[in-house]
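This report refers to the structure that appears directly beneath it.
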Amino acid sequence: MQAPLIPLYKINQLRCFNCNQFLLCGPIHLNPNDGSSLCGRCRGIATNIFHNKAYEAIASIFGHPCVNWEKHCDQILLWNGNFAHENECTQPGCCICCKSSRKLPSDNGNALPVAKVPIEALEKLKCIFCYGFISCGPVLLTPDGENICNRCVATQENLYNEKRNLPYEMLAEILIFPCRYIRRGCPSSFKYGVDIFEHENHCDYRQVNRRQEPEREFSQRKQGVIKYSKLNDKKERGVIQTHAGHVFGNINNSIHLQL
């Protein structure tokens with residue numbers, strides 16, 4: 001399947017602070033001083049912190065223009081597949097001609113989202129605390145490359161070293177995310193932003209009713225009275241009731257239910 005093309009106005013907003021080229025290749029690192037990005041071409045000056053893996057996950061969905069698009073190169077490149085072409089494209093006799101430079105658009109013109117987030121990419125787009133998708137801003141990036149969603153930004157304390165992941169937020173604006181309760185059966189999806197946040201707060205699949213049925217074993221019979229004891233105080237036999245049906249299993253109270 002052909003990769004959707006990243007809109008030109010969007011790629012124009014996403015440039016490396018060191019070489020000023022498009023963010024077309026990883027690893028992408030966030031500059032902790034001002035939130036700008038460092039591309040894979042300039043990896044030699046990158047540090048080992050603020051690796052923006054979430055940005056890389058969604059950038060790899062798209063086809064990208066050549067860095068010489070303004071000089072009339074119309075080659076479409078895949079993520080991390082641009083080095084060889086760029087080296088050729090800067091040589092005399094390539095697709096760069098003597099025409100006047102064309103300009104990249106600076107706004108979206110009220111454009112609609114252009115792609116859905118693939119299922120395989122969603123695993124890389126989860127909050128480190130609640131495991132929900134980072135589908136609404138603000139999103140914070142931790143020094144070790146994990147992300148904190150807008151829900152947990154408002155509830156977590158001691159967030160001092162994290163930085164706003166603006167490059168991710170800017171690119172995610174053109175994506176459609178599924179509801180965080182997709183595994184419970186919710187079929188809804190929304191564009192990145194407040195719409196999906198409001199839906200998830202009232203989603204019918206958000207509530208899970210659990211009817212507990214503690215497992216017991218025969219302990220002893222004394223004077224006609226049967227006494228029982230729990231097999232395991234930490235696990236209880238129960239029923240998880242969802243819209244898709246009933247699932248029987250052992251539930252460990254110390255582990256989050258799978259979203």
Task: Spin-label model distance (nm) - residue 128 vs residue 201, 7 Å beyond Cα toward Cβ - done: 2.6 nm
Task: Computed P(r) (all Cα pairs; the range 8-202; 5 Å bins; percent) - done: 1, 7, 15, 19, 18, 15, 11, 7, 4, 2, 1, 0
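How much length, in nm to one decimal, is gained on full extension between residue 47 and residue 159, taken as 0.36 nm per residue of separation minus their Cα-Cα distance? Could you put the intermediate results ahead of the total?
Working: separation 112, 0.36 × 112 = 40.32 nm, distance 2.07 nm.
38.3 nm is the gain from fully extending residue 47 to residue 159.
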TODO: Take every Cα-Cα distance within the range 105-160, group them into 10 Å bins from 0 onward, and report for each bin the whole-number percent of pairs it holds.
DONE: 21, 42, 26, 11, 0
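Over the range 8-202, what is the relative contact order in percent, taking alpha-carbon pairs closer than 8 angstrom and at least six residues apart?
Values: 331 pairs, mean separation 36.8, N = 195.
So the answer I get is 19 percent.
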TODO: Would you mind checking the pairs 53/163; 53/103; 126/191; 10/163 and listing those with alpha carbons more than 18 angstrom apart?
DONE: 53/103; 10/163
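Going by the alpha-carbon gyration tensor, a ≥ b ≥ c the square roots of its eigenvalues, is the range 17-58 rounded (a/c under 1.5) or, if a/c is not under 1.5, prolate (a/b greater than b/c) versus oblate? Show your work: numbers first, answer last.
On the way: a/c = 1.32, a/b = 1.04, b/c = 1.27.
Rounded is the answer for the range 17-58, as its axis ratio a/c remains below 1.5.
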Task: Sorted peptide list for 15-28, 167-180, criterion being average Cβ within 10 angstrom, highest first - done: 167-180, 15-28
- [ ] Can you pull the one-decimal nm distance between simple spin-label points at residue 119 and residue 170, each 7 Å off the Cα toward Cβ?
- [x] 3.3 nm
- [ ] Note down the nm distance, to one decimal, between modelled labels 7 Å out along Cα→Cβ at residue 101 and at residue 88.
- [x] 2.4 nm
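Every number in this text was worked out from the coordinates using simple rules, so none of it is lab data. Remember, predicted model here, so these are calculated numbers, not experimental data. All Cβ positions, even for glycine, are placed from backbone atoms using ideal geometry, and neighbour counts span all protein chains on display.
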